Amino acid sequence: MTHDPSDRHNDAAADKRADTEAQADSDHGATPAAATTPPLRRIRSFVTRAGRLSNAQQRALDELGPRFKLPYTGVPLDWEATFGRNAPRVLEIGFGMGTTTADIAAQRPGDDFLGIEVHEPGVGALLKLIGERQVNNIRVIQHDAVEVIEHMLAEDSVDGVHIFFPDPWHKARHHKRRLIQPPFVKLLASRLRAGGYLHLATDWQNYAEQMLDVLRAEPALTNASDEASGYAPRPDYRPVTKFERRGLRLGHGVWDLLFTKR
Ligand SMILES: C[S@@+](CC[C@H](N)C(=O)[O-])C[C@H]1O[C@@H](n2cnc3c(N)ncnc32)[C@H](O)[C@@H]1O
């Protein structure tokens with residue numbers, strides 16, 4: 001996982017792994033049987049990266065994992081039993097190292113947050129923050145978010161969805177890996193309650209434009225901000241990360257998008 005915006009956009013190793021996976025997909029598609037059967041493997045928005053856990057992350061996984069990390073079960077999550085209360089529910093997809101997640105959850109103690117991330121060191125890092133900051137309103141699942149949303153979230157069940165700086169997959173041949181695509185946004189919209197919100201942020205202009213096109217085209221969603229520009233001012237609850245601050249200093253843009261379910 002990379003968190004420096006410039007690294008994010010130049011992760012040569014990830015690009016190479018993505019190309020290898022794409023080649024495997026197209027080889028598979030060339031077989032006669034594949035012409036009539038659906039693809040065996042869905043294109044994923046992440047590549048499996050080897051990541052070394054620090055001792056502190058491992059300790060957080062061991063000590064706090066049993067309390068705050070939920071298994072992927074494939075059946076709908078009982079939020080009330082999980083959090084021990086009935087509060088507004090916010091899903092975060094791809095929380096990275098979890099600093100933003102922990103900040104927001106600490107600022108909004110009345111809401112419950114479910115963070116999903118595939119990268120184990122990130123899960124360990126967020127658990128560590130949960131311990132240090134004594135935040136009780138976060139649970140994490142280490143699994144592909146698409147499957148979690150499909151199988152563990154009921155329709156009309158969440159009040160908010162956060163997706164901050166998703167991998168931009170900057171090369172055109174990898175754009176199909178971008179998370180924000182029409183079928184995924186339709187899936188997200190189905191899980192939101194009426195009036196619930198979808199908040200996206202990116203520092204990659206071409207992806208921001210794609211996000212805006214996809215969100216505007218989803219009939220279940222409506223733009224909560226100025227429709228003329230399409231983008232929203234950064235809501236106060238989203239902290240400016242140090243990488244974002246550096247990017248802004250260098251003159252790079254950041255775009256927030258805020259849509260609500262009709
Ligand atoms: C560029 S990082 C951004 C992390 C964080 N949101 C931030 O702002 O720093 C994107 C993260 O999304 C995660 N990710 C991508 N696709 C995912 C998926 N389908 N399910 C869960 N996590 C995913 C990646 O592992 C990575 O940590």
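The values are calculated or read from the model by the stated rules, or taken from the named source; none is laboratory data. All figures in this text were calculated on a predicted structure; none of them were measured in a lab. Here the Cβ positions follow ideal geometry from the backbone for every residue, glycine too, while neighbour counts run over all protein chains shown.
There is no residue in the stretch 105-128 that is surrounded by fewer than 21 Cβ atoms within 10 Å (Cβ to Cβ) and assigned to a strand (DSSP E or B). At least 3 residues being within 13 Å of the ligand (Cβ to nearest atom) and either within 27 Å of Arg191 (Cβ to Cβ) or at pLDDT 70 or above (or both) is the threshold, and among the helices (runs of 4 or more DSSP H) wholly inside the stretch 1-82 not one reaches it. Hey, any hits in the stretch 221-235 for a residue that's out of contact with any Phe, Trp or Tyr (no Cβ under 9 Å at 6 or more places or on another chain), basic (Lys, Arg) and farther than 19 Å from Asp159 by Cα? Among the residues of the stretch 221-235, not one is out of contact with any Phe, Trp or Tyr (no Cβ under 9 Å at 6 or more places or on another chain), basic (Lys, Arg) and farther than 19 Å from Asp159 by Cα, which makes the answer no. Taking the stretch 67-125 as the range and being in contact with a Gly (Cβ under 9 Å, 6 or more places away or on another chain) and among the acidic types (Asp, Glu) as the test, the residues that pass are Glu92, Asp111, Glu117, Glu120. The strands (runs of 3 or more DSSP E) located wholly in the stretch 143-262 that include 1 or more residues which are within 11 Å of the ligand (Cβ to nearest atom) and of a type in the set (Val, Ile, Thr) occupy 158-164, 192-202.
Looking across Glu117, Glu132, one residue alone is closer than 24 Å to Asn55 by Cα and free of Cβ contacts under 8 Å to residues at least 12 places away in the same chain. It is Glu132. Close Cβ contacts (under 7 Å, 6 or more residues apart or on different chains) running from residues in the stretch 45-65 that are within 30 Å of Ile180 (Cβ to Cβ) to residues that are at pLDDT below 95 and basic (Lys, Arg) comprise Val47/Arg17. Cβ-Cβ contacts under 6 Å between residues 6 or more apart (or on different chains), taken from a first residue in the stretch 88-111 that is more than 16 Å from Gly124 (Cβ to Cβ) and touching a residue at least 60 places away in the same chain (Cβ under 8 Å) to a second residue that is more than 8 Å from the ligand (Cβ to nearest atom) and acidic (Asp, Glu), are listed as Pro88/Asp111; Pro88/Asp159; Arg89/Asp112; Arg89/Asp159; Val90/Asp111. Only one of the numbered conditions (1) free of Cβ contacts under 8 Å to residues at least 40 places away in the same chain; (2) within 23 Å of Gly96 (Cα to Cα) is not met by Tyr237, and that is (1). Of the residues making up the stretch 221-230, those that are modelled with pLDDT of 90 or more and more than 19 Å from the chain's Cα centre (by Cα) are Thr222, Asn223, Ala224, Ser225, Gly230.
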